[in-house]
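Enquirer: Below you'll find the structure I mean.
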Amino acid sequence: QIFNQHNAEAPNLEPAFHRMAQMEPNLDHDVSWFLLPSYWAKMVVALISFLCFANSYDGDFVFDDSEAIINNKDLRAETPLGDLWYHDFWGSKLSSNTSHKSYRPLTVLTFRINYLFAGGFYPVGFHVINIILHCTISVLMVDVFSILLGGLQFSNKGRRLNLAPKSSLLAALLFAVHPVHTECVAGIVGRADLLCALFFLLSFLGYCKAFKENKEGHTFSVFWVLVSVVLGAIAMLCKEQGITILGLNAVFDALVINKINLLELIRKLLYKDKSLENAGLLRKGLLFRITLLMCGGAGILYIRWRIMGTGPPAFTEVDNPASFADSLFVRAINYNYYYSLNAWLLLCPWWLCFDWSMGCIPLIKSVSDWRIIALAALWFCLIGLICQALCSEDSHKRRVGMCRTTSLALLAMLFDASQNMVGFLHCKCTLLGHVQLLITEHPQVLLRAALMPLSVQPIFVIGIALTQVPDLALGFHEVCISPPILSRSPWMASLPSTAQLGVHYNVGKNLADKGNQSAAIKYYREAVRLNPKYVHAMNNLGNILKERNELHEAEELLSLAVQIQPDFAAAWMNLGIVQNSLRRFEEAEQSYWTAIKHRKKYPDCYYNLGRLYADLNRHIDALNAWRNATVLKPEHSLAWNNMIILLDNTGNLAQAEAVGREALELIPNDHSLMFSLANVLGKSQKYKESEALFLKAIKANPNAASYHGNLAVLYHRWGNLDLAKKHYEVSLKLDPMAPGTKENYNLLRRKLEQLQRKGG
């Protein structure tokens, strides 16, 4: 016997609901596929999803991976695990005014586990985990679609029934092969989307499990409702949009499980109908469950707010052009256009891009822009679907419509989350966002297309092809292997010129991180050509030119960047470095202080300011600047080293020793600090302690010629001439041109010869 848990409170109505479920048309009747057992269906979905994305396993770290993984200190063992809860996705403190405010500590934790198990930054392990996550999510989609398309029903043994096995398999396969997932799976930072989707789905399935009647006859389980809240919290800690599952569960409960007719409910409320107590809203348990979800969501958001603080992330016009539009009309039109563009890419993913910020989508600025038609078409379809779901008297149409409405609710919540929580207005096609339009269109379009098996095959072939052929999908697999190939890719040519901007910038950054400055310059120049106001590209290009000693062009670019964005602290600091190199010290000092004005906690800027003061022999000011740098960033090794060296050079050996010991307490494994303090101790004739530090530094960095050379000097002073000779020779072998070492070695040899003659 099959029973519907929603009717447990009225046992006498159970047979009627059983008959109604049988009378409703079964979506599987329209599918001519053969029926597979549940475990075989899931194995097929897992295999197909694996085959689609298996070719990304050997990709490299690209684009955002460099900042989120390679340069993220939260992945290193020396960083306390507790710091992950106070840092953003990129490793910056959430309290910093430069923080992106992307709070995803559990995603970062998985990166850290990957790093520790692999013993370093080896991308294969990272990619394999992403592929496994996508396969797992695709398998879970079989269960999700079976609920949304077949209804939530259980056997008398409490086992959930799949009343739409064929259509749920078809929908899950379409999900698994959809090429729009390429960025999430092939790009390692896409793991945030994957983990969020995983726990999002688990929360939904857990909430559905709450309606299985228990032995005591209770209509729902509070335990499973609370489990769904916890899983929703975990989803949010993987990516911000995860919190929206609590809203989806509430909508699903009200519209699908309790079958509330909103129009009827509103009518009763307006006319104060006495039969209101019979309305679905007041059915036993619904308000209690929604209250639990609301309280759980409020608690989660409060804790997140206490950790993150109230400061919003700072975005520029390049990141989010629509938000900087002067007209409210222009902003609203563009926000809604992004919805229609996402919808179209889900239905026709012919050209995609891994980064839709940086002005990749030109703004709609007037009603004469033809793209407004797409916006109108989208809302016309959405309103029609909602009206059918709410107004239809046909129970079957309303049931299908309720599934559509639930899907649309999730889609709206995901977009709202991506706009307001993350800041980038064009949602990067989050995995669960794709599900919604698939579900929305599935009952009438996808299933009708499946009347003949051959009519469905091209959908899968095209989907698989798009995930396998980089030029057609994202260029992502190709970029992972060789970024320069991207510039010759037909995929690049298919993108609008504005969409190419982010590609050129990210490829340039990737090449610069790998030390290929010449190629990086080419891409950065193209990014600046496409957008002459792109200050981040100007700043990075200026940095490379500065390192290549092309100082005048670097100064022009950095000056233009701060002119366009006066609060760009990093550009002000880099401009100061260039001006210092050009020996325009007053201008450099002013630039440094301007950078600090716009970013109060800027240790690197204080460090560079200290270098400027040292060049000007303003020793007290230099020491104060470096001390500020170490206060703001206690692990700032360069600032500590410069303090020790300056105090050593000015004869303040006792103070230099005190600073060196303080630094080593904070950074005990820094060999450069060991070396600097060892030099000070040697000059103070503390030979034994100096020798121990030199040997420890050499053990950490055995190929540093200066370490061996200075240890040789120590032995020379100490009178241990044989060891001095040994380390002089090692130093000269490592660096034959080491300054002073050859002269000291020759002095030692003459002394040894004199001693031999005397002994003879």
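Enquirer: Could you sort the peptides 605-617, 330-342 by per-residue average Cβ neighbour count (10 Å cutoff), highest mean leading?
Expert: Details: 605-617: 20.8, 330-342: 18.9.
Order by mean packing, descending: 605-617, 330-342.
Enquirer: Averaging sequence separations of C-alpha pairs under 8 Å and six or more residues apart, then dividing by the length of region 38-308, give the relative contact order as a whole percent.
Expert: Details: 366 pairs, mean separation 50.5, N = 271.
Averaging sequence separation for qualifying contacts and normalising by length gives 19 percent for region 38-308.
Enquirer: Rounded to the nearest 0.05, what FRET efficiency do Asp615 and Glu662 have when you use their Cβ-Cβ distance and R0 = 25 Å?
Expert: Working: r = 25 Å, r/R0 = 0.99.
So the FRET efficiency works out to roughly 0.50.
Enquirer: Which FRET efficiency value, to the nearest 0.05, do you get for Leu755 and Leu695 by plugging their Cβ-Cβ distance into 1/(1 + (r/R0)^6) with R0 = 30 Å? If you can, show how the numbers build up before the last one.
Expert: Working: r = 25 Å, r/R0 = 0.85.
Taking R0 as 30 Å, the efficiency between Leu755 and Leu695 is 0.75.
Enquirer: Compare the peptides 714-720, 176-182, 376-382 by average per-residue count of other Cβ atoms within 10 angstrom and give them in order, highest first. Intermediate results must be reported in sequence, preceding the final value.
Expert: Numbers: 714-720: 17.0, 176-182: 25.4, 376-382: 13.9.
Output ranking for 714-720, 176-182, 376-382: 176-182, 714-720, 376-382.
Enquirer: Also, I was wondering about something else. Report the gain in length on full extension from Lys742 to Ala377: 0.36 nm times residue separation, minus Cα-Cα distance, nm rounded to one decimal. Show your work: numbers first, answer last.
Expert: Numbers: separation 365, 0.36 × 365 = 131.40 nm, distance 8.03 nm.
Going from the current span to full extension adds 123.4 nm.
Enquirer: Then there's this: Roughly speaking, to the nearest percent, how much of region 38-308's 1.4 Å accessible area is carbon and sulfur? Write down the numbers at each step before the final one.
Expert: Working: 7300 of 11090 Å².
Ligands and nucleic acids excluded, carbon and sulfur give 66 percent.
Enquirer: Assuming a ≥ b ≥ c are the square roots of the Cα gyration tensor eigenvalues, decide whether region 38-308 counts as rounded (a/c under 1.5), prolate (otherwise, with a/b larger than b/c) or oblate.
Expert: On the way: a/c = 2.50, a/b = 1.51, b/c = 1.66.
The shape class here is oblate.
Enquirer: Still on this structure, please answer the following. Give a residue-ordered list of calculated ³J(HN,Hα) values for region 637-652 (Karplus: 6.51 cos²θ - 1.76 cosθ + 1.60, θ = phi - 60°; whole Hz; x for Gly, Pro).
Expert: 4, 4, 5, 4, 4, 5, 5, 4, 5, 5, 5, 5, 5, 8, x, 8
Enquirer: Ok, one more. Calculate the all-directions average of the projected area of region 698-760's alpha-carbon convex hull, and give it in nm². Intermediate values should be presented prior to the final figure.
Expert: Numbers: hull surface 16.5 nm².
So the Cα hull casts an average projection of 4.1 nm².
Enquirer: Still on this model: Using θ = phi - 60° and the Karplus curve 6.51 cos²θ - 1.76 cosθ + 1.60, what whole-Hz ³J(HN,Hα) does each residue of region 333-338 get, with Gly and Pro shown as x?
Expert: The phi angles translate into 4, 6, 4, 6, 5, 4 Hz.
Enquirer: Extending each Cα 7 Å along its Cβ direction at Ser518 and Trp350, get the distance between those two points in nm, one decimal.
Expert: It works out to 3.9 nm between the two label points.
Enquirer: Starting from the Cα of Ser323, move 7 Å in the Cα-to-Cβ direction to define the label point; list residues of region 523-553 whose amide nitrogen is under 14 Å from there.
Expert: Zone members listed by number: none at all.
Enquirer: Still on this structure: Cross-link list Lys239/Lys365; Lys239/Lys601; Lys686/Lys725; Lys73/Lys696; Lys600/Lys699: which exceed 29 angstrom alpha carbon to alpha carbon?
Expert: Lys239/Lys365; Lys600/Lys699
Enquirer: Mind computing the radius of gyration and Dmax over the alpha-carbon atoms of region 47-194? Å is fine for both.
Expert: My reading of the Cα-based Rg and Dmax gives 18.6, 57 Å.
Enquirer: Now, a different point. Give me the lysines in straight-line cross-link reach of Lys166: C-alpha distance below 18 Å, same-chain residues under 8 apart excluded.
Expert: Partners found: Lys42.
Enquirer: Dividing the convex hull volume of the alpha carbon atoms of region 613-760 by its residue count, what do you get in Å³ per residue?
Expert: Numbers: hull volume 17.2 nm³, N = 148.
It comes to 116 Å³ per residue, whole-number rounded.
Enquirer: Still on this structure, I have one more. Quick one: which residues, 5 or more positions from Phe154 or on another chain, have an amide H under 5 Å from its amide H? H modelled 1.01 Å from N in the peptide plane, none for Pro or chain starts.
Expert: Here Phe3, Gln5, Leu161 satisfy the definition.
Enquirer: Calculate, in whole percent, how much of the Cα-Cα pair population of region 44-106 lies beyond 19 Å.
Expert: Values: 918 of 1953 pairs.
Within region 44-106, distances greater than 19 Å cover 47 percent of Cα pairs.
Enquirer: Report the calculated FRET efficiency for Trp593 and Trp718 (r = Cβ-Cβ distance, R0 = 45 Å), to the nearest 0.05. All intermediate terms of the calculation are to be shown ahead of the outcome.
Expert: Numbers: r = 46 Å, r/R0 = 1.03.
Efficiency for this residue pair is about 0.45.
Enquirer: What whole-number value in cubic angstrom gives the convex hull volume per residue for the C-alpha atoms of region 538-620? Before the final figure, lay out each step's value.
Expert: Working: hull volume 6.6 nm³, N = 83.
Output value, Cα hull per residue: 80 Å³.
Enquirer: Cα centroids of region 699-760 and region 587-650: how far apart, whole angstrom?
Expert: Between the Cα centre of region 699-760 and that of region 587-650, the gap is 34 Å.
Enquirer: Now, a different point. Taking the simple approach of a point 7 Å from Cα along Cα-to-Cβ for both Tyr687 and Val367, what is their distance in nm?
Expert: 9.2
Enquirer: Ok, one more. Find how much the distance from Val631 to Phe121 grows on full extension, using 0.36 nm per residue of separation minus their present alpha carbon separation; answer in nm with one decimal.
Expert: Numbers: separation 510, 0.36 × 510 = 183.60 nm, distance 3.00 nm.
Here the segment from Val631 to Phe121 would lengthen by 180.6 nm.
Enquirer: Right, here's the next one. Per residue, how much accessible area does region 177-250 have with a 1.4 Å probe, in Å²?
Expert: Working: 1950 Å² over 74 residues.
Solvent-accessible surface per residue comes out at 26 Å².
The values are calculated or read from the model by the stated rules, or taken from the named source; none is laboratory data. Quantities reported herein were computed from a predicted structural model and do not represent experimental measurements. Every residue, glycine as well, gets a Cβ built from its backbone with ideal geometry; the counts of neighbours run over all protein chains shown. Each accessible area value is taken on the protein alone, full model and side chains, heavy atoms only, with ligands, DNA and RNA left out. Shrake-Rupley method; radii C 1.70, N 1.55, O 1.52, S 1.80 Å.
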